[in-house]
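Let me begin by presenting the structure, written as C-alpha coordinates, before commenting on it.
The values are calculated or read from the model by the stated rules, or taken from the named source; none is laboratory data. A quick note: this is a predicted structure, and the numbers were derived from the prediction, not measured. Here the Cβ is made from the backbone with ideal geometry for all residues, glycine too, and neighbour counts use every protein chain on show. Surface areas here come from the heavy atoms of the whole protein model, side chains and all, with no ligands, DNA or RNA. Shrake-Rupley method; radii C 1.70, N 1.55, O 1.52, S 1.80 Å.
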Amino acid sequence: MTDPIEHAADILSKAKSTVALTGAGISVESGIPPFRGKGGLWEKIDPMKYAHIDAFLDNPETVWKVLIKDMKTLLDTARPNPGHTGLADMERLGILKTVITQNVDGLHQMAGSCDVIEFHGNFAWQSCLDCNRRVETSQVDLTRMPPRCICGGILRPDCVFFGEMIPDEALVRSQQVSAACDVMLVVGTSAMVQPAATMPFIAKDNGAVIIEINPEPTPLTARISNLPLLGGAGWIMPRLVEAIRRRLTCP
Ligand code: NAD
Ligand code: ZN
(Lines give C-alpha, C1' and ligand atoms only; values in the text may rest on other atoms or scores of the structure.)
(Ligands and ions follow the chains in the order given, each with its own letter.)
Protein backbone atom coordinates (compact mmCIF):
# COMPACT_ATOMS: atom_id res chain seq x y z
CA MET A 1 0.00 0.00 0.00
CA THR A 2 1.29 3.48 -0.84
CA ASP A 3 2.37 5.59 2.11
CA PRO A 4 -0.44 8.17 2.55
CA ILE A 5 2.08 11.05 2.73
CA GLU A 6 3.61 9.93 -0.60
CA HIS A 7 0.10 9.62 -2.05
CA ALA A 8 -0.74 13.17 -0.87
CA ALA A 9 2.54 14.44 -2.37
CA ASP A 10 1.59 12.85 -5.71
CA ILE A 11 -1.74 14.68 -5.71
CA LEU A 12 -0.28 18.01 -4.51
CA SER A 13 2.65 18.08 -6.93
CA LYS A 14 0.23 17.68 -9.87
CA ALA A 15 -2.44 20.11 -8.58
CA LYS A 16 -3.05 23.40 -10.37
CA SER A 17 -4.46 25.34 -7.44
CA THR A 18 -4.22 24.23 -3.80
CA VAL A 19 -5.81 26.09 -0.90
CA ALA A 20 -5.32 25.33 2.82
CA LEU A 21 -7.91 25.77 5.56
CA THR A 22 -6.26 25.85 8.98
CA GLY A 23 -7.54 25.89 12.55
CA ALA A 24 -6.31 26.02 16.11
CA GLY A 25 -4.68 22.56 15.81
CA ILE A 26 -1.85 23.82 13.61
CA SER A 27 -0.75 26.15 16.43
CA VAL A 28 -0.91 23.53 19.21
CA GLU A 29 2.77 22.64 18.65
CA SER A 30 3.56 26.36 19.10
CA GLY A 31 2.14 26.10 22.64
CA ILE A 32 -1.31 27.61 21.94
CA PRO A 33 -4.13 25.34 23.18
CA PRO A 34 -7.08 24.69 20.85
CA PHE A 35 -10.67 25.27 21.93
CA ARG A 36 -11.95 21.70 21.53
CA GLY A 37 -10.35 18.31 22.09
CA LYS A 38 -7.58 17.17 24.41
CA GLY A 39 -6.04 20.01 26.43
CA GLY A 40 -8.55 22.40 24.87
CA LEU A 41 -9.61 25.60 26.58
CA TRP A 42 -13.20 24.36 26.68
CA GLU A 43 -12.29 21.69 29.21
CA LYS A 44 -11.88 24.63 31.61
CA ILE A 45 -14.34 27.32 30.51
CA ASP A 46 -17.76 27.57 28.90
CA PRO A 47 -17.23 29.24 25.53
CA MET A 48 -20.65 30.80 25.36
CA LYS A 49 -19.94 32.43 28.70
CA TYR A 50 -16.71 34.05 27.55
CA ALA A 51 -16.18 33.90 23.79
CA HIS A 52 -19.58 35.31 22.77
CA ILE A 53 -19.87 38.99 21.87
CA ASP A 54 -22.83 39.42 24.27
CA ALA A 55 -20.72 38.04 27.14
CA PHE A 56 -17.95 40.51 26.27
CA LEU A 57 -20.29 43.50 26.05
CA ASP A 58 -22.10 42.51 29.29
CA ASN A 59 -18.94 41.93 31.26
CA PRO A 60 -15.72 42.98 29.49
CA GLU A 61 -13.71 42.85 32.71
CA THR A 62 -14.40 39.12 33.24
CA VAL A 63 -13.80 38.18 29.59
CA TRP A 64 -10.51 40.11 29.60
CA LYS A 65 -9.43 38.40 32.83
CA VAL A 66 -10.47 34.84 31.92
CA LEU A 67 -9.82 34.67 28.19
CA ILE A 68 -8.11 37.62 26.51
CA LYS A 69 -5.33 38.30 29.02
CA ASP A 70 -4.06 34.69 28.87
CA MET A 71 -4.31 34.70 25.08
CA LYS A 72 -2.17 37.86 24.97
CA THR A 73 0.48 36.30 27.23
CA LEU A 74 0.60 33.16 25.05
CA LEU A 75 0.69 34.98 21.73
CA ASP A 76 3.32 37.50 22.84
CA THR A 77 5.96 34.76 22.70
CA ALA A 78 4.49 32.12 20.34
CA ARG A 79 6.59 31.20 17.31
CA PRO A 80 5.67 29.25 14.14
CA ASN A 81 6.24 25.47 14.19
CA PRO A 82 7.08 23.12 11.26
CA GLY A 83 3.34 22.96 10.39
CA HIS A 84 3.31 26.69 9.62
CA THR A 85 6.72 26.72 7.92
CA GLY A 86 5.69 23.70 5.80
CA LEU A 87 2.73 25.65 4.39
CA ALA A 88 4.98 28.68 3.74
CA ASP A 89 7.43 26.35 1.91
CA MET A 90 4.57 24.99 -0.18
CA GLU A 91 3.62 28.54 -1.20
CA ARG A 92 7.25 29.28 -2.17
CA LEU A 93 7.35 26.07 -4.23
CA GLY A 94 4.34 27.36 -6.18
CA ILE A 95 2.09 24.54 -4.92
CA LEU A 96 -0.06 26.42 -2.40
CA LYS A 97 -2.01 29.48 -3.46
CA THR A 98 -3.83 30.72 -0.35
CA VAL A 99 -4.18 29.90 3.36
CA ILE A 100 -7.61 30.49 4.87
CA THR A 101 -7.01 30.49 8.62
CA GLN A 102 -9.45 30.53 11.50
CA ASN A 103 -6.55 31.40 13.79
CA VAL A 104 -5.95 34.87 15.13
CA ASP A 105 -2.31 34.30 16.13
CA GLY A 106 -0.53 35.65 13.02
CA LEU A 107 1.81 32.62 12.94
CA HIS A 108 1.28 31.85 9.22
CA GLN A 109 2.56 35.30 8.27
CA MET A 110 5.41 35.01 10.78
CA ALA A 111 6.38 31.70 9.09
CA GLY A 112 6.50 33.44 5.68
CA SER A 113 3.09 32.73 4.10
CA CYS A 114 2.08 35.73 1.95
CA ASP A 115 -1.50 35.06 0.87
CA VAL A 116 -3.36 34.54 4.16
CA ILE A 117 -7.09 35.16 4.67
CA GLU A 118 -7.72 35.78 8.38
CA PHE A 119 -11.27 34.48 8.62
CA HIS A 120 -11.69 35.39 12.30
CA GLY A 121 -9.54 38.53 12.34
CA ASN A 122 -6.24 39.04 14.13
CA PHE A 123 -5.29 39.35 17.76
CA ALA A 124 -2.40 41.73 17.03
CA TRP A 125 -4.68 44.78 17.25
CA GLN A 126 -7.37 46.09 19.60
CA SER A 127 -10.11 48.62 18.83
CA CYS A 128 -11.81 51.09 21.15
CA LEU A 129 -15.54 50.42 21.59
CA ASP A 130 -16.18 54.20 21.80
CA CYS A 131 -13.91 55.97 19.28
CA ASN A 132 -12.68 53.02 17.12
CA ARG A 133 -9.02 54.04 17.66
CA ARG A 134 -6.75 51.03 17.07
CA VAL A 135 -3.97 50.03 19.46
CA GLU A 136 -1.37 47.29 19.02
CA THR A 137 -2.08 44.46 21.47
CA SER A 138 1.60 44.46 22.51
CA GLN A 139 1.15 48.08 23.72
CA VAL A 140 -1.91 47.38 25.87
CA ASP A 141 -1.52 48.05 29.61
CA LEU A 142 -2.79 44.97 31.44
CA THR A 143 -2.58 46.50 34.91
CA ARG A 144 -6.05 47.97 34.42
CA MET A 145 -8.97 45.58 33.70
CA PRO A 146 -10.56 45.96 31.24
CA PRO A 147 -7.79 47.82 29.38
CA ARG A 148 -8.87 51.20 28.03
CA CYS A 149 -8.14 53.55 25.14
CA ILE A 150 -6.79 57.05 25.83
CA CYS A 151 -10.39 58.30 25.42
CA GLY A 152 -11.49 56.03 28.31
CA GLY A 153 -13.35 53.54 26.07
CA ILE A 154 -12.93 49.78 26.52
CA LEU A 155 -10.57 47.94 24.17
CA ARG A 156 -11.61 44.78 22.32
CA PRO A 157 -9.46 42.47 20.18
CA ASP A 158 -9.90 42.71 16.39
CA CYS A 159 -11.09 39.09 16.39
CA VAL A 160 -14.52 37.74 15.52
CA PHE A 161 -16.37 36.70 18.68
CA PHE A 162 -19.12 34.05 18.52
CA GLY A 163 -22.31 35.86 17.55
CA GLU A 164 -20.47 38.28 15.20
CA MET A 165 -20.41 38.36 11.41
CA ILE A 166 -17.35 37.27 9.42
CA PRO A 167 -15.81 40.33 7.69
CA ASP A 168 -17.32 40.46 4.20
CA GLU A 169 -14.06 40.52 2.29
CA ALA A 170 -12.67 37.46 4.14
CA LEU A 171 -15.90 35.50 3.63
CA VAL A 172 -16.31 36.28 -0.07
CA ARG A 173 -12.65 35.66 -0.95
CA SER A 174 -12.61 32.39 1.02
CA GLN A 175 -15.68 31.19 -0.85
CA GLN A 176 -14.07 32.16 -4.18
CA VAL A 177 -10.72 30.42 -3.57
CA SER A 178 -12.48 27.36 -2.13
CA ALA A 179 -14.70 27.05 -5.21
CA ALA A 180 -11.71 27.47 -7.57
CA CYS A 181 -9.16 25.10 -5.99
CA ASP A 182 -8.55 21.55 -7.17
CA VAL A 183 -7.04 20.41 -3.84
CA MET A 184 -7.95 21.60 -0.35
CA LEU A 185 -5.62 20.83 2.57
CA VAL A 186 -7.60 20.94 5.82
CA VAL A 187 -5.11 21.24 8.69
CA GLY A 188 -5.81 21.20 12.43
CA THR A 189 -9.46 22.15 12.44
CA SER A 190 -12.32 20.33 14.12
CA ALA A 191 -14.51 21.72 11.31
CA MET A 192 -17.24 22.57 13.82
CA VAL A 193 -17.19 26.36 13.58
CA GLN A 194 -19.47 27.86 10.96
CA PRO A 195 -19.22 29.32 8.36
CA ALA A 196 -15.50 28.35 8.11
CA ALA A 197 -16.46 24.66 8.12
CA THR A 198 -18.43 25.08 4.88
CA MET A 199 -15.24 25.84 2.87
CA PRO A 200 -14.21 22.16 2.41
CA PHE A 201 -17.79 21.39 1.26
CA ILE A 202 -17.63 24.25 -1.29
CA ALA A 203 -14.30 22.86 -2.52
CA LYS A 204 -15.61 19.28 -2.69
CA ASP A 205 -18.79 20.34 -4.52
CA ASN A 206 -16.58 21.97 -7.14
CA GLY A 207 -14.55 18.80 -7.68
CA ALA A 208 -11.60 19.35 -5.33
CA VAL A 209 -9.70 16.56 -3.57
CA ILE A 210 -9.79 16.98 0.22
CA ILE A 211 -6.62 16.10 2.16
CA GLU A 212 -6.97 16.35 5.94
CA ILE A 213 -4.15 16.59 8.50
CA ASN A 214 -5.30 15.99 12.07
CA PRO A 215 -4.40 13.51 14.84
CA GLU A 216 -8.11 12.77 15.32
CA PRO A 217 -11.01 12.12 12.94
CA THR A 218 -13.35 15.09 12.39
CA PRO A 219 -16.88 15.35 10.99
CA LEU A 220 -15.22 15.78 7.56
CA THR A 221 -13.19 12.57 7.74
CA ALA A 222 -15.95 10.08 6.97
CA ARG A 223 -18.04 12.48 4.87
CA ILE A 224 -15.75 14.22 2.38
CA SER A 225 -12.04 13.61 3.08
CA ASN A 226 -10.38 11.74 0.23
CA LEU A 227 -7.14 11.33 2.13
CA PRO A 228 -6.99 11.73 5.93
CA LEU A 229 -3.40 11.98 7.18
CA LEU A 230 -3.60 11.07 10.86
CA GLY A 231 -1.02 12.92 12.95
CA GLY A 232 0.21 16.28 14.17
CA ALA A 233 0.81 18.99 11.56
CA GLY A 234 4.34 19.63 12.89
CA TRP A 235 5.29 16.03 12.10
CA ILE A 236 3.39 15.51 8.83
CA MET A 237 3.91 18.84 7.07
CA PRO A 238 7.75 18.75 6.76
CA ARG A 239 7.57 15.17 5.44
CA LEU A 240 4.91 16.16 2.95
CA VAL A 241 6.98 19.13 1.72
CA GLU A 242 10.06 16.90 1.42
CA ALA A 243 8.08 14.36 -0.64
CA ILE A 244 6.78 17.16 -2.90
CA ARG A 245 10.32 18.58 -3.34
CA ARG A 246 11.58 15.15 -4.46
CA ARG A 247 8.86 15.01 -7.11
CA LEU A 248 9.59 18.54 -8.35
CA THR A 249 13.33 17.89 -8.70
CA CYS A 250 13.04 14.33 -10.12
CA PRO A 251 9.59 14.10 -11.68
P1 NAD B 1 -10.70 23.56 17.45
O2 NAD B 1 -10.10 24.01 18.73
O3 NAD B 1 -12.15 23.41 17.38
O4 NAD B 1 -10.07 22.16 17.00
C5 NAD B 1 -8.72 21.92 16.95
C6 NAD B 1 -8.43 20.71 16.06
O7 NAD B 1 -7.02 20.57 15.96
C8 NAD B 1 -8.99 19.38 16.59
O9 NAD B 1 -9.66 18.71 15.56
C10 NAD B 1 -7.72 18.60 17.02
O11 NAD B 1 -7.83 17.21 16.83
C12 NAD B 1 -6.68 19.20 16.07
N13 NAD B 1 -5.28 19.12 16.53
C14 NAD B 1 -4.80 19.05 17.80
N15 NAD B 1 -3.45 19.01 17.77
C16 NAD B 1 -3.07 19.06 16.46
C17 NAD B 1 -1.82 19.05 15.80
N18 NAD B 1 -0.65 18.98 16.48
N19 NAD B 1 -1.80 19.11 14.44
C20 NAD B 1 -2.97 19.17 13.74
N21 NAD B 1 -4.18 19.17 14.32
C22 NAD B 1 -4.24 19.13 15.67
O23 NAD B 1 -10.13 24.54 16.40
P24 NAD B 1 -10.86 25.27 15.24
O25 NAD B 1 -11.56 24.30 14.38
O26 NAD B 1 -9.82 26.12 14.65
O27 NAD B 1 -12.01 26.19 15.90
C28 NAD B 1 -11.90 26.92 17.06
C29 NAD B 1 -11.97 28.43 16.88
O30 NAD B 1 -11.21 28.98 17.93
C31 NAD B 1 -11.35 28.94 15.64
O32 NAD B 1 -12.36 29.55 14.96
C33 NAD B 1 -10.29 29.98 16.05
O34 NAD B 1 -10.72 31.27 15.66
C35 NAD B 1 -10.29 29.99 17.53
N36 NAD B 1 -8.97 29.70 18.15
C37 NAD B 1 -7.84 30.21 17.62
C38 NAD B 1 -6.61 29.92 18.18
C39 NAD B 1 -5.35 30.48 17.56
O40 NAD B 1 -5.40 31.54 16.95
N41 NAD B 1 -4.22 29.77 17.65
C42 NAD B 1 -6.55 29.11 19.33
C43 NAD B 1 -7.75 28.62 19.86
C44 NAD B 1 -8.96 28.92 19.26
ZN1 ZN C 1 -11.22 55.48 22.30
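Structure data summary
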quantity: Accessible area (Å², per residue) of region 206-251, counting only protein heavy atoms and a probe of 1.4 Å; calculated: 51
quantity: Within region 126-223, percent of DSSP bridges classed antiparallel, to nearest 5; calculated: 55
quantity: Extension reserve of the Glu6-Met48 stretch, reckoned as 0.36 nm per residue once the Cα distance is removed; calculated: 11.0 nm
quantity: All Cα pairs of the chain, percent lying beyond 31 Å; calculated: 25
quantity: DSSP beta bridges in the chain [antiparallel fraction, %, rounded to 5]; calculated: 25
quantity: Percent antiparallel among DSSP beta bridges (both partners in region 65-175, rounded to 5); calculated: 75
quantity: Separation between Cα centres of region 10-60 and region 119-142, rounded to whole Å; calculated: 20
quantity: Exposure rule at most 14 other beta-carbon atoms within 10 Å, DSSP loop trypsin sites (Lys or Arg not before Pro): the chain longest free segment; calculated: 145-251
quantity: Potential lengthening between Thr77 and Cys131 on full extension [0.36 nm per residue; Cα-Cα distance subtracted]; calculated: 16.5 nm
quantity: Helix 233-249 vs. the chain, principal-axis angle (Cα, 0 to 90°, nearest 10); calculated: 40
quantity: Solvent-accessible area, 1.4 Å probe, carbon plus sulfur percent, for the chain; calculated: 54
quantity: Summed residue charge, Cβ within 12 Å of Thr98's Cβ, Lys/Arg positive, Asp/Glu negative; calculated: -1
quantity: Local electrostatic count at Pro4 - Lys and Arg +1, Asp and Glu -1, tallied over other residues with Cβ under 11 Å; calculated: -3
quantity: Within straight-line cross-link reach of Lys204, lysines at Cα separation under 18 Å, skipping those fewer than 8 residues along the same chain; calculated: Lys14, Lys16, Lys97
